[in-house]
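Trainee: What follows is a structure written as structure tokens; I'll ask about it next.
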Amino acid sequence: MGATPLDRLRRLCLAFPEAREVETWDEPTFRVRNKIFAMHATDDRDGTARPAVWLKAKPGNQDLLVRAEPERYFAPPYVGPRGWIGVRLGRGTDWRALEELLRDAYRLTAPKRLAVLVAE
């Protein structure tokens, strides 16, 4: 059996320096030190429970991505007003693009000495 979307997400997030997983709100969150840079969630706004990840984003990226690909990206509840991006996971996920977004999220959250260890 292949890796689940959560397995793939976990592998990407935990590859960053000092990243760790902590279960919060009954979902895995991914942190550097005690700050969350990404969290697994269920997107059920349209009545279908689909796995997703919410992640911290550079200013303006949320609007840009949601407008360009609303079937893939969304403004998540709670953290969306602060610019975080929701990404639906599963078939059709662009894992390479997600890896880049996760790298940005990590670098925005990590202390400078760790952030510089992760290439842009």
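Trainee: For the stretch 64-120, just the Cα atoms, rotate onto the principal axes and tell me the three extents in Å, largest first.
Mentor: 36, 25, 18
Trainee: Looking at the stretch 37-120, which chymotrypsin sites (Phe, Trp or Tyr not before Pro) are DSSP coil and have at most 13 other C-beta atoms within 10 Å of their C-beta?
Mentor: Numbers: sites: 37, 54, 73, 74, 78, 84, 95, 106; in loops: 78, 84.
Sparse-neighbourhood loop chymotrypsin sites (Phe, Trp or Tyr not before Pro): 78.
Trainee: Out of 53, 32, 66, any idea which swings most in a Gaussian network model of the chain, alpha carbons joined below 10 Å?
Mentor: In the Gaussian network model the winner is 66.
Trainee: Report the dimensions of the stretch 13-120 along its three principal axes from the alpha-carbon atoms, largest first, rounded to Å.
Mentor: Per principal axis, max minus min of the Cα coordinates gives 41, 30, 26 Å.
Trainee: Cut-off 10 angstrom, C-alpha nodes, Gaussian network model of the chain. Which of 101, 64, 55 fluctuates the most?
Mentor: Per the Cα network of the chain with a 10 Å cutoff, 64 tops the list.
Trainee: Sticking with this one: Only Lys, Arg, Asp and Glu count, each charged at its Cβ (+1, +1, -1, -1), so figure out the dipole size of the stretch 55-97 about its Cα centre, rounded to 20 debye.
Mentor: Values: 8 positive and 4 negative charges, 28 e Å.
Dipole of the stretch 55-97, to the nearest 20 debye: 140 debye.
Trainee: Report the residue, chosen from 94, 26, 104, that carries the largest GNM mean-square fluctuation when the chain is represented by alpha-carbon nodes joined by springs under 10 Å.
Mentor: Highest fluctuation among the options: 26.
Trainee: Using every alpha carbon pair in the stretch 5-69, what percent of pairs falls into each 10 Å bin from 0 up to the bin containing the largest distance?
Mentor: Going from the shortest bin to the longest, the percentages are 19, 46, 32, 3.
Every number here is computed from the coordinates shown, using simple stated rules; none is lab data. All values reported here derive from a predicted model rather than from experimental measurement. All Cβ positions, even for glycine, are placed from backbone atoms using ideal geometry, and neighbour counts span all protein chains on display.
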